[in-house]
Amino acid sequence: MLSPSTERFDRGGRFAHYRRIETLREYLLLDPDRPAAELFRLDASGHWVLYTFGPDEEVELTSLSLKLPVADLFEDVEPE
């Protein structure tokens, strides 16, 4: 979950560090204040592509062969 104190780092420095992990294929950020999900996925040409999902949509994590409703990811989360 993104928090106001770490959001910039999660999107910047932390993600830059994670991109160096050779096996990383997806990076999911959850924003409890919207609620929304942002999924960065590595494509076949080696570029990270951003996919955004709203509360009525479903996130597909292809690296895990898993589909999850965004609303389920925020089931017990109250916005700050």
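The values are calculated or read from the model by the stated rules, or taken from the named source; none is laboratory data. This one's a predicted model, so the numbers in the text were calculated from it and none came from an experiment. Virtual Cβ from ideal backbone geometry, glycine too; neighbours counted across all protein chains shown.
Structure notes:
Rundown of residues vs (1) without any contact (Cβ under 8 Å) to a residue 12 or more places away in the chain; (2) farther than 18 Å from T23 by Cβ; (3) exposed (fewer than 10 other Cβ atoms within 10 Å of the Cβ), yes/no style:
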position	(1), (2), (3)
S45	yes, no, yes
T52	no, yes, no
D56	no, yes, yes
S65	yes, no, yes
P69	no, yes, no
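- Selection count, the stretch 61-79, where residues are among the charged types (D, E, K, R) and at pLDDT 95 or above: 1
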